[in-house]
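Laboratory data are not the source of any read-out in this text; all were calculated from the coordinates shown. Bear in mind that the values here come from a model prediction, so they are computed numbers and not experimental data. All Cβ positions, glycine included, derive from the backbone under ideal geometry; neighbour counts span all protein chains shown.
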Amino acid sequence: MKSLDGIKPFEKKVWLSSPTMHGEELEFMKEAFESNWMSTVGKNINEVERLVAERIGCRYAVALSAGTAALHLATKLAGEKLYGQARPYEGTLEGKRVFCSDLTFDASVNPVAYEDGEAVFIDTEEDTWNMDPVALDKAFSLYPDVKLIVLAHLYGTPGKMDEILDIAKKYNALIIEDAAESFGASYKGKETGTFGDYNAISFNGNKIITGSSGGIFLTDSKDDADKVRKWSTQSREDAPWYQHEEIGYNYRMSNVIAGVVRGQIPYLDEHIARKKEIYQRYQEGLKDLPITMNPYDAENSGPNFWLSCLLIDKDSMSPIVRGEREYLYQSQKGKTNPQEIMEMLSAINAESRPIWKPMHMQPIYRMNAFVTRQGNGRGRTNAYIDEGEIVDVGADIFRRGLCLPSDNKMTEEEQERIIEVVKRCFE
């Protein structure tokens with residue numbers, strides 16, 4: 001690790017991305033308490049659904065316990081539409097392949113397994129770090145039976161939606177849009193969470209708007225919204241007693257959690273503006289280093305800048321080897337690597353994080369198919385460079401990338417100190 005002489009650690013930790021609260025949240029929580037609506041019904045839930053649907057630009061929003069719950073029920077809906085209702089205790093995707101974003105958190109793709117499907121991972125493109133349309137089109141030539149795509153917008157940056165939508169239409173496939181990280185982001189003036197046939201956002205504790213937990217299922221279909229509401233409340237039938245004719249789930253959002261979300265929503269644009277300032281300050285402060293920031297299409301997309309990330313130039317990477325849970329690197333003059341930067345930031349009491357480890361590199365999914373622009377990449381989990389050409393873009397971004405402290409409450413002085421630490425890493 002390089003020298004930190006003269007750089008004082010923070011007395012109070014600077015987080016990667018922690019909740020930014022404003023006070024109204026507590027008032028709505030107290031309203032739930034004082035009215036005794038402490039369960040999964042109440043005014044806060046109704047208002048959250050109304051406000052999110054209005055903001056996103058869709059007709060219906062269903063408030064759920066987590067973004068993962070929204071993705072699961074979206075996956076169940078898609079499977080039922082494509083393949084029919086499952087028999088009890090069997091998933092709607094039993095034995096079916098699904099094309100999924102590779103560079104993402106596993107909550108994006110685990111619902112495919114919940115419904116007994118098989119994820120096929122699609123490599124990442126370099127322009128936005130999202131699903132590569134070229135690799136997606138290649139995947140359909142390899143697996144023409146696939147009828148479902150699960151797409152995530154990484155770190156709040158929209159993917160290449162025009163191209164992906166064209167490919168989905170070409171092959172008559174449905175899209176589940178995972179906008180968990182991109183609430184408030186837009187592509188060509190349209191907000192993420194409206195491009196898929198089924199859509200989801202998250203209010204997890206580190207998201208740009210939080211309820212400490214919670215998520216939303218988004219749709220323009222009343223039938224789909226009604227079905228998700230039913231499934232999320234244990235599939236209770238309209239009967240004078242507890243009647244159940246299909247499998248259900250305890251997935252509805254609490255009215256107390258909804259109070260937090262309700263108080264947060266008016267501050268979404270303010271949070272996005274602050275996140276953008278943080279991104280731009282990093283971009284300016286690190287411009288003389290051999291790094292680039294996580295990219296986006298400035299002409300067509302408006303990210304929410306949830307996390308600011310850097311990517312070290314290949315020629316400026318010091319040697320590093322990662323195992324499943326451990327790593328080893330060599331500190332070299334003029335070069336660095338993500339783990340060294342993380343250690344140095346940790347030494348001054350600042351939190352950073354590796355880029356998501358691609359799904360095809362995860363032990364649980366390592367035997368699943370993985371498609372690059374060049375074709376089927378199964379078994380090439382570490383072959384991200386072949387004769388000078390990157391053939392596994394997601395693995396390369398994971399190897400060279402890092403999520404920087406991006407907390408809305410971070411001061412300019414704190415961020416300048418973090419920038420100085422990153423500079424020291426290249427000395």
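If amide H atoms are built 1.01 Å from N in the plane of the peptide, which residues on other chains or at least 5 residues away come under 5 Å of the amide H of residue 187?
192, 302
Order of 1, 29 from fewest to most other C-beta atoms within 10 Å?
1, 29
Can you sort 155, 187, 267 from fewest to most other Cβ atoms within 10 Å of each residue's own Cβ?
Neighbour counts put them in this order, fewest first: 267, 187, 155.
Per the Debye formula with a single identical scatterer at each Cα and no solvent contribution, what log10 I(q)/I(0) holds for the chain at q = 0.08 Å⁻¹?
For the chain, the Cα-only Debye profile gives -0.45.
Over the range 38-171, consider all pairs of different Cα atoms and compute the Kirkwood hydrodynamic radius from their mean reciprocal separation; express it in Å, one decimal.
Result for the range 38-171 stands at 16.2 Å.
Which of 407, 297, 223 has the fewest other C-beta atoms within 10 Å, and how do the rest follow up to the most?
Going from least to most buried by this count: 223, 297, 407.
Each residue of the range 258-271 in turn: what ³J(HN,Hα) in whole Hz from Karplus with 6.51, -1.76, 1.60 and θ = phi - 60°, glycine and Pro shown as x?
In residue order, the calculated couplings are 4, x, 5, 4, 4, x, 7, 3, x, 9, 4, 4, 5, 5 Hz.
For the range 24-267, list log₁₀ I(q)/I(0) at each q in 0.09, 0.15 Å⁻¹, using the Debye formula over Cα point scatterers of equal strength and ignoring solvent, two decimals each.
Debye output, listed in q order: -0.37, -0.99.
For residue 45, what charge total do you get from the other residues with a beta carbon under 14 Å from its beta carbon, if Lys and Arg give +1 and Asp and Glu give -1?
Every neighbour counted, the sum reads +2.
Which entries of 207/227; 138/275; 138/222; 160/357; 147/190 have Cα-Cα distances beyond 31 Å here?
138/275; 138/222
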